[in-house]
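The block underneath contains the structure these notes are about, expressed in structure tokens.
The values are calculated or read from the model by the stated rules, or taken from the named source; none is laboratory data. This one's a predicted model, so the numbers in the text were calculated from it and none came from an experiment. Reconstructed Cβ throughout: ideal geometry from the backbone, glycine too, with neighbour counts over all protein chains shown.
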Amino acid sequence: MSERSKHEIMEQIDEIIQAKIQPSVEMHGGMIKLQDFDLQSGSVLVLLQGSCSGCAMSSATLKMGVEQMLRHYVPEVSKVDGMDDPNYNNPFYS
């Protein structure tokens, strides 16, 4: 069990997403936003928006990129799950 609060951990996760992950995702027309963190399981939930929403590669991006980076910087993180934006589901470039 972590000695840090859920709020402290979520702040760190959000800082990493904004500084290290979001710039790369934006280059492909996508957005990733932190939704929640479960302190008991170490599970992070992110919202996939833009071209990430519904994209077949989003699960690979989450597991091989986002999850590995968050687990490296935030010891409390055990896994990352994503949910598609319910208001946008067109992963194709226009």
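Before moving on, here are some points about what is shown:
- Within the stretch 6-23, the set of residues being in contact (Cβ under 8 Å) with a residue 24 or more places away in the chain and over 17 Å from Leu47 (Cβ atoms) comprises Lys6, Ile9, Gln12, Lys20.
- Tally of residues being touching a strand residue (DSSP E or B) at 6+ places or on another chain (Cβ under 7 Å) and outside any helix (DSSP H, G or I) across the stretch 11-41: 9
- In the set Ser43, Ser53, Ser59, only one residue is of a type in the set (Ser, Thr, Tyr) and modelled with pLDDT of 95 or more; that residue is Ser43.
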